[in-house]
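Since the structure comes first, as structure tokens, the remarks are kept for the end.
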Amino acid sequence: MTGALRQVYWLLWKDLLLEVRRRDNLLSMFFFGLSLLFLFSFAFEITSDNVAGMAPGLLWLAFMFSGTLALGQLFQGDRENDCLDALLLAPMDRGAYYLAKVLFNFSLMALLEIFILPLFGILFRLDFWHLLPDVLLYTLLGTLGFCVVGVLFAAVTLRARARALLLPVLLFPLMIPVILGTVRTLQIILGAGAAPDLVPWFRLLVGFDLIFITAGFLLLEWVLDG
Amino acid sequence: MGHWGFVFLAYGIVWCSILIYTMLLKRRIQRATAARGKTHPAASEADGHEA
Amino acid sequence: MARRILGTLALILIVTGLYWGLVEAPPDARQGETQRIMYLHIPSILVAYLSFFIVFVGSCLYLWKGERRDDNLAHSAAEIGVLFTALTIVEGSIWGKPTWGVWWTWDARLTLTAILLLIFTGYLLLRSLIEDQRRAAVSGAILGIIGFLDIPLIHMSVYWWRTLHQPPSILRPDKAPWDNIDPAMLWPLGINFVAFLLLFFYLLSLRIHLGEVEEQARRDRLHDTA
């Protein structure tokens, strides 16, 4: 078990190091998210009256679109120099490779969310600073759910034609529990809703994360082989 | 309180679609068998009757 | 030969079902003649669910044993399932117009059916966009499994999304539609259900045969070029 954990650690370390040196994913994700926020202000009439109701949906759309961009690039680095073939030849657990990729995409999206959330509050005058820890918790739960399924399908569509289009087409319908779960919980939190209403959604999000991290861990082996 | 128009619209769409799908399937089978027959005449004769 | 008998039986039952549904069955007290659409609607959604269950079973078997036959089964069932899901939505929409006054409403069941259609058209799209047959089969199997596991979660989330926000709509998931049904309507429903089931197995065997012929043709081509 510790051996597998060490594999996850080093695989994740490799990706994070590359990201720190090159910064190509994070920068483009950040500017993409920022431009979405600007588009939202033109597309919708956001006032201080309705911002609390709209914020969860808008924020989650921004996170999900940026996350999909990141997923599309996730395996590119490993494919470019035949690094993927070398990794597969190495005595490595395929599940470890999956977990490392999930954690890497999760860290990218989490960093983006930590940037975007306060920025959203400032730009749209949303006074949610005291609720920020709760908002972040549910956003991260949803983000994990997005990544566990997303990484699997990024690998599945890797060798398909029109894969940049195919990935969101496959992913978004599967993401509906995550989208509804995060958007509703954030609406309850921001609308000062009752805490008991959060419980079923919390369970749903945790259940989604657990079911699909197990499924992805077991299934990625078939995707990478051959 | 009739609404027979809606009923016939629904029945019409359903059975026409299923009929068209069935015919398309049969044509696809025929084409695939014929394409096979060009290279392997004996093989296509063997399962030709099934289509 | 067996297929021809199956097809003939299905045809006889379809004609009987048409007669019972359109002539023998009395019009509904509240919904009038439009109720007759239900004799198609309920069997088609049940057949659609059955086919997605078969996709799941075929996908699991394929990943486990790696036999083409199981993949062909899953692929065939998915294609027929998409047809019947699409028909279910069309029937529901035509039924909804005179009953609810609108073609579409974001009712939990309607939404769930539409999401099913999206996921499994995605399945067909994914398969058509991957050249390599083995890789297409593996990718399809993974989507078939993940999609099926996701259905209960999507169902829960969509149901909560609607019921926590507005009173339950006419079709309630907690109440089976046949609970308060007249026996005079149960008969045509039963006949139509058996008819749809036979039709489904007829179409499935036809589609499986197509898959087999295509597979043989592919193998012949490979043989000739080699």
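Every number here is computed from the coordinates shown, using simple stated rules; none is lab data. Since this is a predicted model, take the numbers as computed values, not measurements. Please note: Cβ atoms are built from the backbone with ideal geometry, for glycine as well, and neighbour counts cover all protein chains shown.
Brief remarks on what is shown
- Packing-based ranking of B:6-13, A:136-143 yields A:136-143, B:6-13, ordered from highest to lowest mean Cβ neighbour count within 10 Å.
- In angstrom, the C-alpha Rg and Dmax of the protein assembly as shown are 25.7, 78.
- Of all segments of chain C bounded by chymotrypsin sites (Phe, Trp or Tyr not before Pro) found in a DSSP loop with no more than 16 other C-beta atoms within 10 Å, the longest spans C:1-102.
- Shape summary: chain C maps onto an equivalent ellipsoid whose semi-axes, from the alpha-carbon gyration tensor, are 35, 23, 13 Å in decreasing order.
- Shielding by other protein chains, A:205-211, mean Cβ within 10 Å: 2
- Restricting the chymotrypsin sites (Phe, Trp or Tyr not before Pro) of the stretch A:153-214 to loop positions (DSSP other than H, G, I, E, B) with no more than 15 neighbouring Cβ atoms within 10 Å leaves nothing.
- Dipole size of chain A about its Cα centre, with +1 on Lys/Arg Cβ and -1 on Asp/Glu Cβ: approximately 260 debye, rounded to the nearest 20.
- Residues A:Asp85, C:Asp28, sorted so that the one with the fewest Cβ neighbours within 10 Å comes first: A:Asp85, C:Asp28
- Neighbour-count ranking [beta-carbon atoms within 10 angstrom, fewest first] of C:Lys65, B:Lys26: C:Lys65, B:Lys26
- Distant alpha-carbon pairs in the stretch C:44-124 (separation over 22 angstrom), percent: 32
- The mean count of C-beta atoms from other chains within 10 Å of the C-beta of residues in C:81-93, rounded to a whole number, is 2.
- Cα radius of gyration and Dmax for the stretch A:114-208 (Å): 15.6, 47
- Gaussian network model of chain A, springs between alpha carbon atoms under 10 Å - residue of A:Leu89, A:Leu74, A:Leu39 with greatest fluctuation: A:Leu89
- Built from the Cα atoms of chain A, the convex hull projects on average onto 13.1 nm², one quarter of its surface area.
- Of the residues C:Cys60, B:Cys16, A:Cys83, the one with the fewest other Cβ atoms within 10 Å heads the list, and the complete ranking is B:Cys16, A:Cys83, C:Cys60.
- Separation of the A:Ile114 and C:Tyr19 label points, Cα + 7 Å toward Cβ, nm: 7.3
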